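What follows is a set of notes on a single structure, which appears directly below.
The values are calculated or read from the model by the stated rules, or taken from the named source; none is laboratory data. Bear in mind the structure is a predicted one, so any value in this text is a computation, not a measurement. Here Cβ is always computed from backbone atoms with ideal geometry, including for glycine, and neighbour counts include all displayed protein chains.
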Amino acid sequence: MLSNAGYSFFHSSAWARVLAESYGYTPLYFTVIENGKLRALVPIMEVNSFLTGKRGVSLPFTDYCDPINLNGAPFPELLKRIIEYGQKHGWKYLELRGGEKYLRSQEWGDRSQDSALNPSGSRPAPNTLHPTPRPSSTYFSHTIDLTQGEKRTFSNLRDSTRRNIKKAVKEGVKVQISQSLDSVQEFYRLNSISRKDHGLPPQPYSFFKKVYEHILVNDFGFVVLASFESRSIAGEVYFHLKEKAVYKYGASDKSFQHLRANNLLMWEGIRECIRRGCTILSLGRTDLNHEGLLQFKRGWGSTEQQINYYRYDLKNGFFVSGSSKVSGFHNKIFRNIPIPLLNRLGSILYKHVG
């Protein structure tokens, strides 16, 4: 039923359980049901933080989460109900990570001038409410078509990408695919190293433990680890639902970067997705100015598109612009904090920033 409805792994109950149990968010599902059948769905997590306020996000720590909309369901009407709920429960804003084709529809354009989208009942100031909602932040997404099989997929890779895969093999890098708790713990160790290098706290271990309990144990994902001389040097985490897969997390020890383990990891992750019957692999979101990561993802024969996030200010009744920038002076501070303390900070801060 949902094969043509824009579903992804992020619509799954497994992902909802991970977010709710890791960070204490309240899961909410806004739906349109007619004659006992689902026509539209917007999954939301209510984030209630004494530091950053109360809001609805679809969904926190999620690259994209388009609404599910079947047979032209009245999405603006559903969005109106979500806004009314948020106003009643004291949300500062509603954030949608995707859904542009519904937000930019003519029907939405007509309603966006309507007081129905301004629950306070007053008209917003001139030029603050736009017929065409503007995004609060924008990213690139990359997807790989896996339907052509392993051999053709490999031939579609950039020449340098294929060379780096072969180099890693020649250098003696070994790859293991696993769903074990040990592999999750090893990835967490590598992730702590990578996040420190980027000047950011890592996600708490309790989060990855929930990924193991709700996703890996139920065969909705796997971990890929690369080792050199019996030492893990890089890792990746993949999720999948039916035929759709997503590369979600990557980490590595940059002192082994010359071995090109990340290239071999990605290729083995692609091969595993094909073996599992997946027909499309998303490489997640990338900041527009992250040129190094963009070049890496562009080397896999991927299709590049934009992902827009939208933030609706419930108090003032209009969409607001924002920034996806996560770099600043704080990165320098985090880079100089020891990993055990940085891990502790991550366990405290993450639930407030979803």
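Screening the candidates H290, H240 for the property of being under 30 Å from L94 (Cα atoms), assigned by TED's automatic domain parsing to the domain that holds L146 and modelled with pLDDT under 95 yields one hit, H290.
For the condition polar (S, T, N, Q), in contact with a Pro (Cβ under 9 Å, 6 or more places away or on another chain) and farther than 30 Å from P76 by Cβ, what is the one hit in S302, S321, S347?
On inspection, the qualifying residue turns out to be S347.
K101 meets each of the listed conditions (1) buried (at least 22 other Cβ atoms within 10 Å of the Cβ); (2) basic (K, R); (3) at pLDDT below 95 apart from (1).
Please specify each residue of the stretch 170-197 satisfying the condition of being assigned to a strand (DSSP E or B) and in contact with a Ser or Thr (Cβ under 9 Å, 6 or more places away or on another chain).
So in the stretch 170-197, the residues assigned to a strand (DSSP E or B) come out as 174-178.
The answer is K174, V175, Q176, I177.
Among the residues making up the stretch 248-267, a single one is closer than 28 Å to V18 by Cα, surrounded by 21 or more Cβ atoms within 10 Å (Cβ to Cβ) and out of contact with any Gly (no Cβ under 9 Å at 6 or more places or on another chain): W267.
Quick one: in the stretch 119-168, of everything that is aliphatic (A, V, I, L, M) and at pLDDT below 90, which residue is farthest from the chain's Cα centre (by Cα)?
Only one residue tops the list, namely A125.
Before we move on, is F50 crowded, with 17+ Cβ neighbours inside 10 Å and either in contact (Cβ under 8 Å) with a residue 40 or more places away in the chain or of a type in the set (A, V, I, L, M, F, W, C) (or both)? Walk me through how you get there before you give the answer.
Details: crowded, with 17+ Cβ neighbours inside 10 Å: no; either in contact (Cβ under 8 Å) with a residue 40 or more places away in the chain or of a type in the set (A, V, I, L, M, F, W, C) (or both): yes.
When the stated conditions are applied, F50 does not pass them.
When we screen P67, P76 for residues that are within 24 Å of Q306 (Cα to Cα) and either touching a Lys or Arg at 6+ places or on another chain (Cβ under 7 Å) or modelled with pLDDT of 95 or more (or both), the only hit is P76.
Here is a yes/no grid of residues against (1) in contact with a strand residue (DSSP E or B) (Cβ under 9 Å, 6 or more places away or on another chain); (2) modelled with pLDDT of 95 or more; (3) of a type outside the set (V, I, T):
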residue: F9; (1), (2), (3): yes, yes, yes
residue: L19; (1), (2), (3): yes, yes, yes
residue: K37; (1), (2), (3): no, no, yes
residue: A40; (1), (2), (3): yes, no, yes
residue: L51; (1), (2), (3): no, no, yes
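Can you pull out the residues in the stretch 198-235 that are hydrophobic (A, V, I, L, M, F, W, C) and not in a strand (DSSP E or B)? Those that are hydrophobic (A, V, I, L, M, F, W, C) and not in a strand (DSSP E or B): L200, F207, F208, V211, I215, L216, V217, F220. Being closer than 27 Å to Y212 by Cα, of a type outside the set (A, V, I, L, M), touching a Phe, Trp or Tyr at 6+ places or on another chain (Cβ under 9 Å) and at pLDDT 95 or above is a description that applies to W267.
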